[in-house]
């Protein structure tokens, strides 16, 4: 039997003795498009960062395709939150996308014609090939997000982690990103997406991870994204939940 | 006034040109990583170490003085990091404290050295404003060699520096030792600052680190061009500044270098195409173009 794509075992993460993730167990066996949802401070971003080795684990272990994460760097693609970098930095869009190829280039080797060709293809996939030579500061929010996605595509990974790729983007970009995620999933990739907009969860994701410091539920969206789990994830904020439930049903009818 | 350069003066000019280039190039990364003030604190914090090295050794050996300078400079940024981490003091306040305290201690040590037998002849006060006159060959070779080494490392590790300066988190996900690479950038900054102390002085050195990159930013938005332009600006500032002090003997080298760099900065600020003030004012007076129909 193949090892699971992602296997999280007993993971606890704390910032200054305050637990942010508590005893998380999570296994993904099949290529899936996974939405990670939960209220602010639920540890969604921290979960991704813990998997990627960006924050230390207090306890537990994480394996990707049966090996520790640091042995699987080539298999991993990453889209950080857009605000995490300085968009005034003096690089072009193509430069940023090329950074996705740095991992396989290794020390001191510069990207050549092959890498540049790949980077252009990735830009075409996210629909901003014409912006390749622009300085990144000239991009709109949606275009910045597309540039980050193109950089992750350039990593040619099998498993992707994306921190709120839908945050603050226009409707056209949201549709483009959603289509791209589905395409990746259909190509056999697994994608983890930190997501805020509960209305679109059933439309975008076939697997949902519901998180509030503890893991509340993880499973196929159809059977897992239930009112009961939502209530347990989001606590007593029922009024909000009723409206969300209604909105979800509305969205499902129109979709 | 004299215009002809003897061999020693030519050697000094070659040294400060490479020093300026190294400071300008590594200074770009310092600015991009928002470490301009840290660089300034480091330069100021170098003074007490420099003096202590002299007090202990009782001789003006440049490698020893610069070694002491580097150690106390690093101690200075260590104190800044510690104050930030373990107290509620914010970074700007921590930098302000370290900068003035270390400079104060250094100044006191300078007067202690003055009172030592032979101390007044040591001429350590030239490290405040910088002085290239009277530099000996070995010192210039040391500065030139370290400046060259800094430039070589930046050229070699350009890709790695660029990645870590832009997005250290992404670099770590790809498996790069981002902390070590960042530390290397920091270390090169220390080297550039410390070898610049004899010529530019503790008060002025940080400006030679920051101004070339800031001026170059008006001319380009590509990193490799930025480094090249900043390197040239640093080089010109170093050479012109040092030459000015050879011609007008009374002027200390540091201010001459920095005034030259500032002149280039002001020129860039005003006249650079697209990003310069005049070009931007010109663009604002152009009639508006209708927006394109396709809007991503």
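Taking 0.36 nm per residue of sequence separation and removing the Cα-Cα distance, the residue A:133/residue A:14 pair yields an extension gain of 38.7 nm. How many percent of Cα pairs in the stretch A:1-137 exceed 22 Å? Of all Cα-Cα distances in the stretch A:1-137, 52 percent exceed 22 Å.
Taking other Cβ atoms within 10 Å as a rough exposure proxy, B:282, B:176 sort from fewest to most as B:282, B:176. The mean number of Cβ atoms from other chains found within 10 Å of a Cβ in peptide B:161-167 is 5, as a whole number. One compactness figure for the stretch B:53-146 is 1.27, namely its Cα radius of gyration divided by 2.2 N^0.38 Å. A simple spin-label model places the labels of residue A:108 and residue B:284 4.9 nm from each other, with each point 7 Å out along Cα-to-Cβ. For chain B, the longest principal axis of the C-alpha atoms and the axis of helix B:7-32 are separated by about 50°.
Helix B:253-271 axis versus longest C-alpha principal axis of chain B: approximately 10°, rounded to the nearest ten. Short to long, the 10 Å bins of the Cα pair-distance histogram for the stretch B:125-230 hold 14, 37, 34, 14, 3, 0 percent of all pairs. Once the Cα-Cα distance is subtracted from the 0.36 nm per residue extended length, the residue A:187 to residue A:156 segment shows a gain of 10.0 nm.
Between the C-alpha center of the stretch B:270-294 and that of the stretch A:104-180 there is a gap of 28 Å.
Between residue B:60 and residue A:167, how high is the FRET efficiency from 1/(1 + (r/R0)^6) when r is the Cβ-Cβ distance and R₀ = 41 Å? Nearest 0.05. The calculated FRET efficiency here is 0.10. Pair-distance distribution of the protein assembly as shown: all C-alpha pairs, bin width 20 Å, starting at 0; shares per bin in whole percent are 19, 43, 29, 9, 0.
The largest-to-smallest principal axis extents of the Cα set in the stretch B:159-296 are 64, 48, 20 Å. Put in line by how crowded their Cβ is, counting other Cβ atoms within 10 Å and starting with the fewest, A:22, A:107 read A:107, A:22. What residue among A:167, A:154, A:119 shows peak mean-square fluctuation when chain A is described by a Gaussian network model with Cα springs under 10 Å? In the Gaussian network model the winner is A:167. For the stretch B:222-296, a Kirkwood hydrodynamic radius built from all Cα pairs, placed in the Stokes-Einstein relation at 10 °C and 1.306 mPa s, yields a translational diffusion coefficient of 105 µm²/s. Per the Debye formula with a single identical scatterer at each Cα and no solvent contribution, what log10 I(q)/I(0) holds for the stretch B:7-281 at q = 0.07, 0.09, 0.10 Å⁻¹? At q = 0.07, 0.09, 0.10 Å⁻¹ the computed log10 ratios are -0.24, -0.41, -0.50.
Over chain A, Cα pairs under 8 Å with separation of 6+ residues give a relative contact order of 25 percent.
Fewest-first ordering of B:257, A:36, B:97 by other beta carbons within 10 Å of each residue's beta carbon gives B:97, A:36, B:257. Seen against the Cα atoms of chain A and their longest principal axis, helix A:171-186 is set at about 90 degrees. Per residue of A:85-95, other chain Cβ atoms within 10 Å of the residue Cβ number 5 on average.
What is the diffusion coefficient of chain A in µm²/s, taking the Kirkwood radius over Cα pairs and the Stokes-Einstein relation at 20 °C with a viscosity of 1.002 mPa s? Estimated diffusion coefficient is 113 µm²/s.
Within the listed set B:14, B:174, B:286, the residue fluctuating most in the Gaussian network model of chain B (springs between alpha-carbon atoms under 10 angstrom) is B:286. At an R0 of 51 angstrom, the distance between the Cβ atoms of residue B:10 and residue A:179 translates into a FRET efficiency of 0.20. Between residue B:148 and residue A:140, the distance separating the two model label sites (each 7 Å from Cα on the Cα→Cβ line) works out to 5.3 nm.
Each value in this text was obtained by applying a stated rule to the coordinates, not by laboratory testing. No experiment lies behind these values; they were computed from the predicted model shown. Backbone-built Cβ (ideal geometry, glycine too); neighbour counts: all protein chains shown.
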